[in-house]
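The values are calculated or read from the model by the stated rules, or taken from the named source; none is laboratory data. The structure presented is a predicted model; accordingly, all values stated were derived computationally and were not measured. Methodologically, a virtual Cβ is constructed for each residue, glycine included, from the backbone with ideal geometry; neighbour enumeration extends over all protein chains shown.
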Amino acid sequence: MIEIVGTGHILSQSVQEVKETIEDKKPGIIAIELDRNRFTALEERNWKLDFSDEDVTFRSILKEALRGGSFPVLLKGSLSLIQRDLGKRFGIHPGSDMLEAVQAAKKMGCKIALIDRDLNITLNHVICIPLKEKIRLFTKSSEDIGALNISFGSNIESILEEENIEKILKELSEGFPALYSALVDERDMYMASNLLKLQDRFPDMDIVAVVGAGHRRGIRYYLKNPKRIELRKLVELRAVSRLQILVLFILFFFAYILIKIKFRIRK
C-alpha cells in the first residue's frame, strides 16, 4: 500500500500530520520529496533548518552574480531567499515537514527513500520555459491569479484544502503550461515512477510518501496510469543560453522584492 501525505512546506500543521500518519500507519518505507543532493546538504548541516539571515542574503547573491558566479547556483539562492522569508512569515522553517519524516523514519527503523528529481534538472527545465511565459509570470495582476493569493491570506492553512489546491493547479497549468510541466507534472511522474519501483522491490512493505500538497493528485494519477509516465523526458538536460538563465534570475529577484514589500504592507 502507498499512502501519500500532502504537506505545505511552511505550515506547522503539516509537520503534525506527517508525525501522526507515520505513527498510525507504521510503514516499512518513508518516501520523501527530496533528491540526493538536497538530502546530503541537510545531513552536512546536521539537519539544521534555522538558517540565519547571514547564510543567504540578497547582497551575497548579488555579489556572487557580479563576480560571475554559476547562474544555476544563483537561481537556487534566489529560491532559498523566497522560501526562507515565507517561512518567517508563517512561523516555521521550510523543510520541517521533510525533517519530521526523516526523524520518524530513524526513530521507527523505517527505510528512507528519496524520490524527487535532481533539483538541477528541474531548474534546467524551468529555465527553458518560453520567454513570453516568464514575462507573463510577472505581468499578471493579482486579480488574474486570485487563487494564488490564498497563500497570502490570514488563514494560510486553507491552502491545503483540496478545493484550493485544485484551483491553484488549474490556474498554473492553464496560464503557465511549460512552468507547470517543469515544476509539477514532470516531478509527479518522476516521484510516481520511484514509488512504483519501491513497491515492486518491497511488495510486502507499506509506503508513506511525504510530498508537497500540490503533487498529491498528480502522483496518484500516475500511480494508476503508469503507462503515461515518460521517463526519458523527465531526466534530459536541455540546452540553455546564459541569457535565458539571466532573465529568470532577474525575475526571481524581482519576485523576492515584491514578496518583501507585500509582507511589510500587511504588517
If you go through GLY91, GLY109, the only one that is modelled with pLDDT under 75, surrounded by fewer than 19 Cβ atoms within 10 Å (Cβ to Cβ), of a type outside the set (A, V, I, L, M) and at positive phi is GLY91
If you go through ILE61, ILE30, ILE4, the only one that is over 12 Å from GLU100 (Cα atoms), buried (at least 17 other Cβ atoms within 10 Å of the Cβ), modelled with pLDDT of 85 or more and touching a helix residue (DSSP H, G or I) at 6+ places or on another chain (Cβ under 9 Å) is ILE4
Quiz item: Does ASP144 satisfy being at pLDDT below 85 and at negative phi?
Solution: yes
Selection over the range 163-188 where residues are buried (at least 16 other Cβ atoms within 10 Å of the Cβ) and closer than 22 Å to PRO226 by Cα yields a count of 10
Within the range 225-256, the residues that are modelled with pLDDT of 85 or more and either in a helix (DSSP H, G or I) or β-branched (Val, Ile, Thr) (or both) are PRO226, LYS227, ARG228, ILE229, LEU231, ARG232, LYS233, LEU234, VAL235
Kindly evaluate SER173 against the criterion of being more than 21 Å from GLY28 (Cα to Cα) and at pLDDT below 90. yes
